[in-house]
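The values are calculated or read from the model by the stated rules, or taken from the named source; none is laboratory data. Remember, predicted model here, so these are calculated numbers, not experimental data. Note that each Cβ is placed from the backbone with ideal geometry, even for glycine, and that neighbours are counted across all protein chains shown. The accessibility values were calculated without ligands, DNA or RNA, using every heavy atom of the protein model including side chains. Shrake-Rupley method; radii C 1.70, N 1.55, O 1.52, S 1.80 Å.
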Amino acid sequence: MTGNAYDIIVIGAGPAGMTAAIYARRASKTVLVLEALSYGGQIINTPDIENYPVAAHISGFDFATKVYEQAKGLGAEFKFEKALQIRDGELKTVVTPKAEYSAKAVIIATGSQNRKLGLENEQKLTGRGVSYCATCDGAFFRGKPVAVVGGGNTALEDALYLADIASIVYLIHRRDSFRGDNGTVERLKQRENVRFVYDSVVTGLNADNRLESIEITNKSGEKTTLDVNGLFVAVGRIPENQSFADLINLDGAGYAKAGENCRTKTAGIFVAGDNRTKEVRQLVTATADGAVAAAEAINYINS
Ligand code: NAP
């Protein structure tokens, strides 16, 4: 720490935040990384990363652990406390339930959380058949029927992963064409136990103690019941920016408006990773953001 304040506080220990910490430490800046849950962010749910340069095959958890160890090894301090608020001033103050921390610059790398379907007993059944992470929970459904809802790459990859485990995988999408990669769709079409359910949404969860079946409703309003023990919800993510909305501009979907330089409307506050407005949200773009945001924060501190 410099006096009582850090040079940089990074909020979020996902790939973007931890990369920012690495870059800041390599520039000899003091760094505190605040993380609400555990390090790694969304990438820890990916079983096999195939599209990150050099790391042709590495699990998301192993990747995150290596980045965490690298950042810690370089001297970044980690505290597992949720950042509730940032107060602007000569120094920025980040408030957590336990304490207040000050820094010359703050990088918000909070990523995003799972979007829910909004069904009545969705929360109650989470962990009892409803899941937001196929790679975390898929193994509980070996030989059983499951459904995946969503039409993006997450839903497609979840369905492919589950096809190796479950007896049958219904892939339910609200339209008749997928947002995710066509190549993955083609791979799914090769699987005998994958059934495509188009133009339909999940409208009910039927359970006693655990999920037993789901009600789906198609565009014509017809309702069908599918007997499934697992429902994997993969309908996108919501950026975690609301707590800081007074200091950063958000777009209509809640992403922090910032260009490639990761600057926000508040001097000394930067955003990096999936919670920033951008065209491509990938591991490689998140880590790139971390580097850019750190460089910008270092320039800001030194200027
Ligand atoms: P996404 O691309 O935003 O897709 C969300 C899907 O959920 C869309 O198909 C959307 O339908 C549907 N949806 C949204 N709200 C819904 C609701 N209330 N009910 C039913 N369906 C709903 O999200 P994602 O799949 O999580 O992917 C997020 C980002 O990560 C994307 O950029 C994706 O390419 C990337 N990603 C990449 C990889 C990879 O490269 N290996 C893997 C996973 C994710 P509509 O299509 O009709 O809007």
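Are any of the residues in segment 78-85 of a type in the set (S, T, N, Q), open to solvent by 30 Å² or more (accessible area, probe 1.4 Å) and at pLDDT 95 or above? Walk me through it before giving the result.
Start the filter on segment 78-85 by keeping residues that are of a type in the set (S, T, N, Q), which leaves 85.
Next, only the ones that are open to solvent by 30 Å² or more (accessible area, probe 1.4 Å) stay: 85.
Right, trim to at pLDDT 95 or above and you get 85.
Yes, there is a match, as at least one residue in segment 78-85 is of a type in the set (S, T, N, Q), open to solvent by 30 Å² or more (accessible area, probe 1.4 Å) and at pLDDT 95 or above.
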- Yes or no: PHE63 in a helix (DSSP H, G or I) and open to solvent by less than 50 Å² (accessible area, probe 1.4 Å)? yes
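State which residue is farthest from the ligand (Cβ to nearest atom) when the search covers only segment 170-185 and only residues that are surrounded by fewer than 19 Cβ atoms within 10 Å (Cβ to Cβ) and among the small types (Gly, Ala, Ser). First the steps, then the outcome.
Residues of segment 170-185 surrounded by fewer than 19 Cβ atoms within 10 Å (Cβ to Cβ): 174-177, 179, 181-185.
Within this subset, residues satisfying the condition of being among the small types (Gly, Ala, Ser) are 177, 183.
Details: SER177: 8, GLY183: 10 Å.
Checking each candidate, the answer is GLY183.
Out of all the residues in segment 6-51, which are within 16 Å of the ligand (Cβ to nearest atom) and among the hydroxyl-bearing types (Ser, Thr, Tyr)? Write out each step before concluding.
Here is the first cut: in segment 6-51, the ones within 16 Å of the ligand (Cβ to nearest atom) are 14-16, 40-51.
Matches in segment 6-51: THR46 only.
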- Take the residues of segment 152-179 that are modelled with pLDDT of 95 or more and of a type in the set (S, T, N, Q): which is nearest to ARG191 (Cα to Cα)? SER167
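Please find, among ASP227, ASP176, the residue that is in the same structural domain as ARG142 (by TED's automatic domain parsing) and within 30 Å of THR277 (Cβ to Cβ). Steps first, please.
Working: ASP227 fails: within 30 Å of THR277 (Cβ to Cβ).
The conditions single out ASP176.
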- Query: Given the conditions (1) outside any strand (DSSP E or B); (2) on the phi < 0 side of the Ramachandran plot, which single one is not true for ILE107?
  - Reply: (1)
- Across segment 150-169, what is the total count of residues that are within 16 Å of the ligand (Cβ to nearest atom), surrounded by fewer than 24 Cβ atoms within 10 Å (Cβ to Cβ) and not in a helix (DSSP H, G or I)? 2
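Pick from THR266, THR285, THR225: which is more than 30 Å from VAL31 (Cα to Cα) and β-branched (Val, Ile, Thr)? Spell out how you get there, then give the answer.
On the way: THR266 fails: more than 30 Å from VAL31 (Cα to Cα); THR285 fails: more than 30 Å from VAL31 (Cα to Cα).
When all the criteria are applied, what remains is THR225.
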- Query: Hey, does segment 8-24 have a residue that's touching a strand residue (DSSP E or B) at 6+ places or on another chain (Cβ under 6 Å), part of a helix (DSSP H, G or I) and over 30 Å from ASP158 (Cα atoms)?
  - Reply: yes
- For residues that are within 14 Å of the ligand (Cβ to nearest atom) and more than 15 Å from GLY236 (Cβ to Cβ), tally how many sit in segment 135-149. 2
- Test GLU212 against the criterion of being away from the ligand (no atom under 16 Å from the Cβ) and of a type in the set (D, E, K, R), and give yes or no. yes
- Note on the structure: Scanning segment 123-134 for residues that are more than 11 Å from the ligand (Cβ to nearest atom), open to solvent by less than 50 Å² (accessible area, probe 1.4 Å) and closer than 28 Å to GLY221 by Cα gives LEU125, GLY129, VAL130, SER131
- Message: Please go through segment 58-71 and give me each residue that is within 20 Å of CYS133 (Cβ to Cβ) and either within 12 Å of the ligand (Cβ to nearest atom) or of a type outside the set (Val, Ile, Thr) (or both), ordered by number.
- Response: SER59, GLY60, PHE61, ASP62, PHE63, ALA64, TYR68
- Message: Would you confirm, using the coordinates I've provided, whether GLN282 is within 14 Å of the ligand (Cβ to nearest atom) and open to solvent by 50 Å² or more (accessible area, probe 1.4 Å)?
- Response: yes
- Select from segment 135-148 the residues that are under 16 Å from ARG195 (Cβ atoms), surrounded by fewer than 24 Cβ atoms within 10 Å (Cβ to Cβ) and touching a helix residue (DSSP H, G or I) at 6+ places or on another chain (Cβ under 8 Å) and list them in ascending order. PHE141
- Looking only at segment 181-191, decide whether some residue is assigned to a strand (DSSP E or B) and either over 28 Å from GLN123 (Cα atoms) or in contact with a strand residue (DSSP E or B) (Cβ under 8 Å, 6 or more places away or on another chain) (or both). no
- Query: Just wondering, is there one or more residues in segment 38-60 that are touching a strand residue (DSSP E or B) at 6+ places or on another chain (Cβ under 9 Å), closer than 20 Å to LEU247 by Cβ and either in contact (Cβ under 8 Å) with a residue 60 or more places away in the chain or outside any loop (DSSP other than H, G, I, E, B) (or both)?
  - Reply: no
